[in-house]
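The structure appears below as structure tokens.
Any read-out appearing in this document is the output of simple, stated calculations on the displayed coordinates, not a laboratory observation. Computed from a predicted model, the values in this text were never measured in an experiment. Glycine gets a Cβ as well: all are built from the backbone with ideal geometry, and neighbour counts include every protein chain shown.
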């Protein structure tokens, strides 16, 4: 390799640079043949804009998935509570009353329930409905479970 003086475009200062044999002069400066690593300002700004759009959308999707999971889990528990309350009322004769309400604790959470009994229009039976209310992230949801009951079976 031979060393030859070259002039730098920016400052006009001469510098010694190596050049392989058989090739012309090596040019210095920002637009020279030597490539510099890194990103341009436009590329960095484009990446920041992309992240500014993507991160809120992703966080909202994660929050929504979390809420859907909680609603599904608590709905299953509320359905179990409604079934248990309805069975207990049927066995103890509590379905003869028109309205009842209470609170059932399941694990760390409490579930408010109410029972309503009303005459069924097609027959001499009563329609018994147990509704359980539960909250997820500040919003109330409910599960209702109904059955038909013949009051004649209690008197026998």
Checklist entry - In nanometres, what is the gap between the two model label sites at residue 90 and residue 124, each 7 Å from Cα along Cα-to-Cβ? => result 2.1 nm
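What length, rounded to one decimal in nm, is gained on full extension from residue 40 through to residue 53, with 0.36 nm per residue of separation minus their alpha-carbon distance?
2.6 nm
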Item to check | Gyration tensor over alpha-carbon atoms, segment 82-156, equivalent ellipsoid semi-axes in Å | outcome: 26, 13, 8
Checklist entry - For residue 83 and residue 106 in one chain, what is 0.36 nm times their gap in residues minus the Cα-Cα distance, to one decimal in nm? => result 7.0 nm
